[in-house]
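A short worksheet on the structure shown next.
The values are calculated or read from the model by the stated rules, or taken from the named source; none is laboratory data. Because the structure is a prediction, the values reported are computed rather than measured. Here the Cβ positions follow ideal geometry from the backbone for every residue, glycine too, while neighbour counts run over all protein chains shown.
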Amino acid sequence: MLRSFSRAAALALAALAFALPVNGAALPAAQQPVDFDDVAGARVASWRVYTYQNDVLWVVGEIANDSPSVLLQPSVVARFVDPAGVLVLTSEAPLDAAYMLPGQVSTFRVTVVSPPPFIRLASLEVNGTPSAALQPIDGARVIDQRGAYQEIEEDRLFTRENCDPDKHDCYYVERVKVRTENYLVEGTVVNAGPLPIHNVRVSVALYDQSGALVNTGVSSAAAVLAPGQSASYSVLVYWAPGTTRFTVRAYSDD
């Protein structure tokens, strides 16, 4: 495997975040980061900050590898400051890609549970190790994708038509399906490479009409896929206001 970054800890933290409702509120432009520190050839292509009831904060975005080398163990470091500009929190997370080929773009998601109040994202830093010699397998491919709003069932109270409440019970409860603001993307991922691949995962990126990133989501698909083997995947992501389309990418650690 190519990755030595502690991905297990990152996935556990992501699972904690997704245990909460996926939807959140985007921070205004004035509270978005302004400083970037990029490893040679890699850059922060886009980003967005979300919060949920002051309990969880997410920084989502995309990193582009503009270098001629493979970038190994890429990660993003988010630094937060208080209203006075004093650094109060630093959080690092791996990219969804365990490595980045030249020209490749990868999504990322930094999750902060119970963030300090009134903090602001001040900077994003891209870390990684460039390698001109290593050639990854890069066998994970999405071969099927479909999306729909998530629906949940809940009880609703209804009133019977032409009913006299003095003589009859005019109310009844019926279980109905209700569309949420979360979007469920499902499909199939396959190993198109010549060797087994490990820790296969799929990320979904949402964009607005101008092509700007709106939100991202990621989910594990399979621990191991042999050559030619496929697996289903399911990614639940908040369909933030302004979203018009989504893209799907498959990654592995090999």
Inside segment 208-231, the number of residues satisfying the requirement of being at pLDDT 95 or above and touching a Ser or Thr at 6+ places or on another chain (Cβ under 6 Å) is 1
Quick one: count up the residues across segment 89-124 that are modelled with pLDDT under 90 and farther than 24 Å from SER219 by Cα. 8
Would you be able to say whether some residue in segment 154-174 is buried (at least 18 other Cβ atoms within 10 Å of the Cβ), over 26 Å from ARG43 (Cβ atoms) and either touching a Cys at 6+ places or on another chain (Cβ under 6 Å) or in contact (Cβ under 8 Å) with a residue 60 or more places away in the chain (or both)? no
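Let's see how each residue does on (1) touching a residue at least 12 places away in the same chain (Cβ under 8 Å); (2) surrounded by 13 or more Cβ atoms within 10 Å (Cβ to Cβ):
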position	(1), (2)
ALA45	yes, yes
VAL76	yes, yes
SER91	yes, yes
ASP96	yes, yes
ALA133	no, no
ALA148	yes, no
How many residues, within segment 205-254, are more than 16 Å from the chain's Cα centre (by Cα) and farther than 24 Å from ALA45 by Cβ? 12
Against the condition more than 24 Å from the chain's Cα centre (by Cα) and under 16 Å from ASP253 (Cβ atoms), how does LEU157 come out, does it pass? no
Looking at SER220, SER203, SER232, which one is part of a strand (DSSP E or B) and loosely packed, with under 14 Cβ neighbours inside 10 Å? SER232
One residue is enough: does segment 82-104 have a residue meeting the conditions closer than 20 Å to VAL214 by Cβ and β-branched (Val, Ile, Thr)? no
Go through segment 82-109 and give me each residue that's out of contact with any Phe, Trp or Tyr (no Cβ under 7 Å at 6 or more places or on another chain) and either basic (Lys, Arg) or closer than 13 Å to LEU124 by Cβ (or both). THR90, SER91, GLU92, PHE108
